[in-house]
1. Using the Cβ atoms and a cut-off under 12 Å, what net charge is assigned to the surroundings of Leu89, where Lys and Arg are +1 and Asp and Glu are -1?
2. For Tyr74, enumerate residues with amide H under 5 Å from its amide H, sequence gap 5+ or separate chain, H modeled in the peptide plane.
3. With a length cut of 27 Å (Cα positions projected on each helix's long axis) and a Kyte-Doolittle mean of at least -1.0, go through the chain and give me the DSSP H helices that pass.
4. Between Thr71, Trp52, His108, whose Cα lies farthest towards the positive end of the dipole of the chain when Lys and Arg beta carbons carry +1 and Asp and Glu beta carbons carry -1, centred on the Cα centre?
5. Identify which of Val129, Val120, Val98 has the largest mean-square fluctuation in a Gaussian network model of the chain, with springs joining Cα atoms closer than 10 Å.
6. Are there chymotrypsin sites (Phe, Trp or Tyr not before Pro) in the range 14-107 that DSSP puts in a loop and that have at most 13 other Cβ atoms within 10 Å, and which ones?
7. Kirkwood hydrodynamic radius of the chain from all distinct Cα pairs, in Å?
8. What FRET efficiency comes out for the pair Ser57/Val161, r = Cβ-Cβ distance, R0 = 25 Å, nearest 0.05?
Amino acid sequence: MNNTHLALLNSPRGKMIAERDGDVLVGLWFAGQPLAPSESCFFDDADAVPLWVQLQSELDEYFAGEREVFTVAYELRGTQWQKSVWSELEKIPAGKTVTYGEIAAALHNEGASRAVGTAVGKNPISIIVPCHRVLPASGGIGNYGGGVENKAALLTLEGAVE
């Protein structure tokens, strides 16, 4: 049985949709992202659930440039391959970027850059699991499920790009 609940949170980059299962975050997306639940879904009162209060506070601190590491409890749900890629994302510090190929190499699968890109694109917990810190080796900023403008803004906030 599905025990997930949603909340609509605020950010300087617009509304964010968060999903929890009990007391654990299982999803965080910019509203309108392809993988995000519909804004027409039922939402918790974000001020009444301790997880949402903590998450909103940590997001506020992040967007104010006062937080680089999140402490909110979360769980990544996906295939073993996706989880291995997402585990590599968790290792990328704020202000740094890596390429899809570097993640493939870290996973001892140098030819898997496209598969890495697919897994990165399915990351269910934006910002906290920093898929925005992955760039194409060819240069430029690349794609981002939350929108290229949001990716550029997050990287600028973290000092990874100017």
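Just so it is clear, none of the values below were taken in a lab; they were calculated from the coordinates. Quantities reported herein were computed from a predicted structural model and do not represent experimental measurements. Backbone-built Cβ (ideal geometry, glycine too); neighbour counts: all protein chains shown.
1. It works out to a net charge of +2.
2. Leu25
3. Numbers: long enough: none.
Qualifying helices, which must be both long enough and hydrophobic enough, do not occur.
4. Result: His108, furthest along the dipole toward the positive end.
5. Comparing Val129, Val120, Val98 in a Gaussian network model of the chain, the most mobile one is Val98.
6. Numbers: sites: Trp29, Phe30, Phe42, Phe43, Trp52, Tyr62, Phe63, Phe70, Tyr74, Trp81, Trp86, Tyr100; in loops: Phe42, Phe70.
Here the chymotrypsin sites (Phe, Trp or Tyr not before Pro) that fit, given the DSSP loop and packing criteria, are Phe42.
7. Details: mean 1/r = 0.0621 Å⁻¹.
About 16.1 Å for the chain.
8. On the way: r = 26 Å, r/R0 = 1.06.
The calculated FRET efficiency here is 0.40.
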